[in-house]
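Worksheet: one structure, shown below.
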Amino acid sequence: MARKKIAKNISYDPKRKLYYVTLYYGKVEGKAKKETRTFARKRDAEDCLKKFEYEKSENLLPKVSDETVESWTQYCLEDVMRPKIEKTTYSGYKNISKKVIAELGSISLRKLSSKDIQMYLARLIDPDGKYKLSGNTAIKHLTFLKTVLSIAQSQEFIHRNPAYFVQAPKYIQPKISFYSPEQINRLFEEINRDTILKPSVYLAAMLGLRREEICGLKWESVDFDNCILYIRDARTIAGSEIVEKDAKSYHSTRRLYIDDLLWKKLAEVKEEQKKRSEMLGDLYLCSDLVVVNDYGKPVNPGTLSTHFHKCVVKHNLPHITLHGLRHSVASIANDAGMTQYDISKMLGHSSPAVTGKVYTHLFDELQVKTVASVANKIEENKQNDSKEEE
C-alpha cells in the first residue's frame with residue numbers, strides 16, 4: 001500500500017504504521033538536496049518538521065553538503081592538521097584515520113551519531129575482534145574524532161559534535177618499570193664496550209633523556225669545559241621516516257649538569273669516535289652525533305630500542321625499556337628528596353602537574369612519608385609537653 005500524504009512534507013504508511021518526514025535543504029550543484037526521516041508517532045514527525053523549518057528560516061542548518069566521514073577526515077588531516085603539526089603526530093593521526101575510514105567512512109558527516117562512534121570504540125577494544133586495541137589507544141581514536149568533528153562544527157557542516165557525547169573507555173595507568181641504583185650499576189658494567197649503548201644508557205639513566213633526545217644529541221651541545229649538556233635537537237621516527245627536529249617543546253629545551261662520571265664516559269665516547277675516524281678514514285661518517293655506530297652512522301631510534309632490549313635479555317637483567325631508565329631517574333631523584341618541580345625541570349615536562357600524573361605512584365609514596373613525618377613530629381611535641389607538665 002502506498003504512502004498517504006497527510007500534511008505538507010509528511011506522509012504515512014498504513015502497512016508499516018510509520019510517518020515519513022521529507023526535509024528539503026536546498027540545492028547542491030543544481031540538484032535538490034533532501035533527507036527523509038522516519039517516526040512511529042505523528043507528533044514526533046510534526047515536531048521534527050517544525051524544528052527543521054525554524055532552523056532553516058533562521059539560517060541555523062548545517063551547510064548543504066555530500067561530505068562523508070571519509071572525505072571530511074581526509075580533508076581535515078591533509079589540509080587543516082598536517083600543515084601545523086609535527087610529522088610524528090601526523091603519522092599517528094594517519095594510522096588512526098585508516099581505521100576510522102574503514103569503519104565509519106561511508107556514513108554521511110551530518111548523520112554520524114554518538115551511537116555510531118560508541119559502537120566503533122567497542123569494536124576497537126573487542127578482544128575477539130580484528131583490532132583488539134587497548135582502552136588507552138581507543139581513547140586516542142576518540143580524541144582524534146573530537147578534533148575532526150570540531151572542525152566540521154566550526155565550519156558549520158554540523159551543529160553539534162557527536163563525539164562529545166560518547167563514553168570514553170576506561171583509562172588504565174600504564175605500569176612503570178624502573179631500576180634501582182644497584183641494577184643501573186650492573187647495567188653500566190654490561191654496556192661499557194658497546195659503541196651504541198654506552199652513551200645511550202648513561203644519558204638515559206643519569207639525566208633521564210628521551211630516546212629522541214639521545215638520538216639527536218650533538219657534540220656541539222656538550223660543553224665539557226663548563227660541565228653542561230644542552231638539549232636542543234631530536235631524531236625520531238614518523239612511520240618509516242627518520243625525522244630530525246627541535247626538542248619536543250619549549251620546556252624540553254633545557255640545560256643539564258654533567259657530573260664527573262657522565263663527563264668521563266662522554267669524553268671516552270668522543271675519543272673512541274675520533275680513533276675510529278682516523279682508522280677508517282673515508283669509511284667513517286662524521287655526523288657530530290653523540291650516538292652512532294662503529295662507522296659513524298646515525299642510529300635508527302627503533303634500532304636503538306631493539307638493541308637495548310637484546311642487551312637486557314642477553315645479560316639476564318630485569319625487563320625494562322630504554323624509556324624505563326628515564327623513569328628510574330625520576331624514582332631515584334624522588335628518593336633523594338628532590339622536589340616534584342625540580343624533577344619536572346630535569347625531565348623536560350611542560351609542568352610539575354605532568355610529572356605528578358606520570359609518576360603518581362612515586363609521589364603517593366612521598367605523600368605517605370610526609371604525612372608520617374608530620375604525625376611523628378606532632379607526637380614528639382605532645383610527649384615533650386607531657387614531660388614538662390610532670
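The values are calculated or read from the model by the stated rules, or taken from the named source; none is laboratory data. These numbers come from a predicted model, not from an experiment. We place every Cβ from the backbone using ideal geometry, glycine too, and count neighbours over all the protein chains shown. For the accessible areas, the whole protein counts, side chains as well, though only heavy atoms, and no ligand, DNA or RNA atoms are used. Shrake-Rupley method; radii C 1.70, N 1.55, O 1.52, S 1.80 Å.
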**OP:** Keeping every protein chain in place, order Arg255, Arg210 by accessible area at 1.4 Å, biggest value first, i.e. largest first.
**Re:** Arg255, Arg210
**OP:** Provide the per residue accessible area, probe 1.4 Å, for the chain, rounded to a whole number of square angstrom.
**Re:** 59 Å²
Subject >> region 256-328: projected area of the alpha-carbon convex hull, averaged over directions, in nm² >> reply: 6.2 nm²
Subject >> Using alpha carbons only: equivalent-ellipsoid semi-axes of region 1-53, gyration tensor based, whole Å >> reply: 21, 13, 8
**OP:** Calculate how steeply helix 114-125 sits against the longest principal axis of the alpha-carbon atoms of the chain, using the helix alpha-carbon long axis, and give the answer as 0 to 90 degrees to the nearest 10.
**Re:** 40 degrees
Subject >> Listed residue pairs exceeding 23 Å between alpha carbons, taken from Lys50/Lys115; Lys275/Lys310; Lys51/Lys99; Lys98/Lys132; Lys31/Lys98; Lys33/Lys56 >> reply: Lys50/Lys115; Lys275/Lys310; Lys51/Lys99; Lys31/Lys98
**OP:** Would you mind telling me the share, in percent, of accessible area of the chain contributed by carbon and sulfur at probe 1.4 angstrom?
**Re:** 50 percent
Subject >> Net lengthening on full extension, Lys50/Lys264 (0.36 nm per residue, minus Cα-Cα) >> reply: 69.2 nm
Subject >> Modelled FRET efficiency - R0 35 Å, His315 with Lys140, Cβ distances, 0.05 increments >> reply: 0.50
**OP:** Note down the accessible area of Val64, probe 1.4 Å, to the nearest 10 Å².
**Re:** 50 Å²
**OP:** Run the quick spin-label model on Ala102 and Ala353: label points 7 Å from Cα toward the beta carbon, then report their separation in nm to one decimal.
**Re:** 3.6 nm
Original post:
Taking the convex hull of the alpha carbon atoms in the chain, what volume per residue do you get, in Å³?
Top reply: 279 Å³
Subject >> Under 13 Å, Cβ to Cβ, from Leu317 - net charge with Lys/Arg +1 and Asp/Glu -1 >> reply: 0
Original post:
Which loop-located chymotrypsin sites (Phe, Trp or Tyr not before Pro) does region 254-308 contain, where loop means any DSSP state but H, G, I, E or B and the Cβ has at most 13 other Cβ atoms within 10 Å?
Top reply: Tyr295
